[in-house]
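Enquirer: Shown below is the structure under consideration.
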Amino acid sequence: MTDRLSELTAAGVAVWLDDLSRVRLSSGGLDQLRREKHVVGVTTNPTIFAKALADADEYDWQLRDLATRGLEVEEAVRMLTTYDVRWACDVMRPSHDGSHGVDGRVSIEVDPRLAHETDKTVAEAKALWWLVDRPNLFIKIPATEAGLPAITATLAEGISVNVTLIFGLDRYSQVMEAFLAGLEQARANGHDLSKIGSVASFFVSRVDSEVDKRLEKIGSAAAKALRGKAAVANAQLAYERYGEVFSSDRWQALADAGAHPQRPLWASTSTKNPDYRDVIYVEELIAPGTVNTMPESVIHAYADHGETRADTITGAYDAARGVFTDLESVGVDMSDVIATLEREGVEKFEASWLELLDGVRKSLAAAGRGTGRPGQAAEGNAQAAQHAGGNA
């Protein structure tokens, strides 16, 4: 039987899972994906955690402990989410050690309400790094205007960063500049650059969703013919910029000091339009030194029928530029598309964070009334001792 995910890995694409939950951890499901599906990393976001805590009762024992201690809801959320991320870091540690620190990473995001506050973002990044206390952690920082200096400052502290919510090429160039500046400062601060990792999460399917909506509104045959082309073209041109930056003399000086490149990570890779092939954002974005973070459904879909070609990006730059020219000619303003997506991306994560806070607030209140399930408390506390250093 063809091992399609192995072929994808051999083509230079690191397969990461875009999901995490206590159930996935306690059942051994994450470790199974690592062992059987070539998954070498995990990404999380506020939406993922809001769903995980709403759907599972495996958090009950910890919620009772937190309620007993009288923790405020925001601190309780951090205890719950960092517990899961710490456990996931331990599960992924073999991938981290086997790749000399490149893979095996697990991401946790700063409070999205801080997306426009640089100093508070840096302060929370440092707190999360200390709280999880695992070398294979990534702190997710959004690529907003205020996020850029926060990325540099966080890297300068020797903290590994996953830059998230990147939609446009110019912002991506700014992200890579922030990364280089951060590593240069980290080296000046005496940090071992070989221990610092980073990825730049370039969002894909949301670009098609927004552009296709505008193409449908335009309604001409020429406009409709461009549906489903913008996202891949955008990501392909991002990889072109990646190649330019990481072949520069400036980068080489950092590489000589032990630094790993900031890999482009393709995020939001499940298709939103059922008319599109379900693995299009994997098949069309294959190139060395990339990461593709996928929901489990996409991982299984690719394992079933994905087609791995050696490189579907580097030979497509001219065609990708042609797509952008055609989009402009039919009246799509890509700069406005990108601005809209960044604004909405932050807003969506803020909404998910508030949903998470509200859910935990209600759960803490219920736990304080003694509505938890005692049978699960013993199991949960045993797991805490094994996987989380007793940090309930």
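Enquirer: Calculated from DSSP H runs of 4 or more alone, at -39500 (n - 2.57) each and per residue, what is the 222 nm mean residue ellipticity of the chain, nearest 500? List each step's numbers first, then the result.
Expert: Numbers: 18 runs with 230 residues, N = 392.
Rounded to the nearest 500, the figure is -18500 deg cm²/dmol.
Enquirer: For the chain, just run the numbers: alpha carbon Rg, then divide by 2.2 N^0.38 Å, N being how many residues it has.
Expert: Working: Rg = 21.0 Å, N = 392, 2.2 N^0.38 = 21.3 Å.
Expressed relative to 2.2 N^0.38 Å, the Cα Rg reads 0.98.
Enquirer: Give me the extension gain from Asp119 to Asp333: residue separation times 0.36 nm, minus the current Cα-Cα distance, reported in nm with one decimal. Kindly include the intermediate steps, with their values, before the conclusion.
Expert: Details: separation 214, 0.36 × 214 = 77.04 nm, distance 3.29 nm.
Stretched fully, the Asp119-Asp333 segment lengthens by 73.8 nm.
Enquirer: Please list the non-local residues whose amide H lies under 5 Å from the amide H of Phe138, H modeled 1.01 Å from N, same-chain partners needing a gap of 5 or more.
Expert: Val106, Ser107, Ile108
Enquirer: Starting from 0.36 nm per residue, how many nanometres of slack lie between Lys126 and Thr47 once their C-alpha separation is accounted for?
Expert: Net length gain for the segment: 26.2 nm.
Enquirer: Roughly to the nearest percent, how much of the accessible area of the chain is carbon and sulfur, given a 1.4 Å probe?
Expert: Using a 1.4 Å probe with all protein chains present, the chain comes out at 50 percent carbon and sulfur.
Enquirer: With r as the distance between the Cβ atoms of Thr68 and Ala310 and R0 = 56 Å, compute the FRET efficiency 1/(1 + (r/R0)^6) and round to 0.05. If you can, show how the numbers build up before the last one.
Expert: Values: r = 57 Å, r/R0 = 1.01.
Efficiency at R0 = 56 Å is approximately 0.50.
Enquirer: In whole Å, how far is the Cα centre of the stretch 57-123 from that of the stretch 156-183?
Expert: Computed from Cα coordinates, the inter-centre distance equals 21 Å.
Enquirer: Based on the Cβ-Cβ distance from Arg250 to Asp192, what FRET efficiency comes out when R0 is 25 Å, to the nearest 0.05?
Expert: 0.80
Enquirer: Moving on. Would you kindly state how much longer the chain becomes between Arg93 and Lys348 on full extension, computed as 0.36 nm times their sequence separation minus their alpha carbon distance, in nm to one decimal? List each step's numbers first, then the result.
Expert: Values: separation 255, 0.36 × 255 = 91.80 nm, distance 3.08 nm.
Gain on extension, Arg93 to Lys348, equals 88.7 nm.
Enquirer: Which helices pass in the chain if a helix is a full DSSP H run, must span at least 30 angstrom along its long axis by Cα, and must have mean Kyte-Doolittle hydropathy not below -0.5?
Expert: Working: long enough: 73-98 (38 Å, -0.39); 334-368 (50 Å, 0.09).
Span-like helices in the chain: 73-98, 334-368.
Enquirer: Oh, and also: Ser99: accessible area at probe 1.4 Å, nearest 10 Å²?
Expert: About 30 Å², ignoring ligands and nucleic acids.
Enquirer: Here is a follow-up. Among the trypsin sites (Lys or Arg not before Pro) within the stretch 259-319, which fall in a DSSP loop and have no more than 14 other Cβ atoms within 10 Å of their own Cβ? Kindly include the intermediate steps, with their values, before the conclusion.
Expert: Numbers: sites: Lys272, Arg277, Arg309; in loops: Lys272, Arg277, Arg309.
Passing both the DSSP loop test and the Cβ count: Lys272, Arg309.
Enquirer: Any idea how far apart Glu216 and Ser26 come out in nm if each label point goes 7 Å out from Cα toward Cβ?
Expert: 4.1
Enquirer: Considering only Ser247, Trp87, Ser6, whose Cα is most displaced toward the positive end of the charge dipole of the chain, charges sitting on Cβ of Lys, Arg (+1) and Asp, Glu (-1)?
Expert: The one lying farthest along the dipole's positive direction is Trp87.
Enquirer: Cα to Cα, under 14 Å, and not fewer than 8 places away if on the same chain: which aspartates and glutamates meet these conditions relative to Lys362?
Expert: Asp55, Asp57, Asp60, Glu72, Glu74
Enquirer: OK, next. Of Lys51/Lys217; Lys229/Lys348; Lys140/Lys217, which ones are farther than 29 Å apart at the Cα? Before the final figure, lay out the partial values.
Expert: Details: Lys51/Lys217 33 Å; Lys229/Lys348 24 Å; Lys140/Lys217 35 Å.
Lys51/Lys217; Lys140/Lys217, as the Cα separations exceed 29 Å there.
Enquirer: Using a probe radius of 1.4 Å on heavy atoms only, what accessible surface per residue do you get for the chain? Whole Å² is fine. Write down the numbers at each step before the final one.
Expert: Values: 15660 Å² over 392 residues.
Result: 40 Å² of accessible area for each residue.
The values are calculated or read from the model by the stated rules, or taken from the named source; none is laboratory data. Computed from a predicted structure; not experimentally measured. As a convention, Cβ positions derive from the backbone with ideal geometry for all residues, glycine included, and neighbour counts pool all protein chains shown. Ligands, DNA and RNA are stripped out before the accessible areas are found, and what is left, the full protein with its side chains, is counted by its heavy atoms. Shrake-Rupley method; radii C 1.70, N 1.55, O 1.52, S 1.80 Å.
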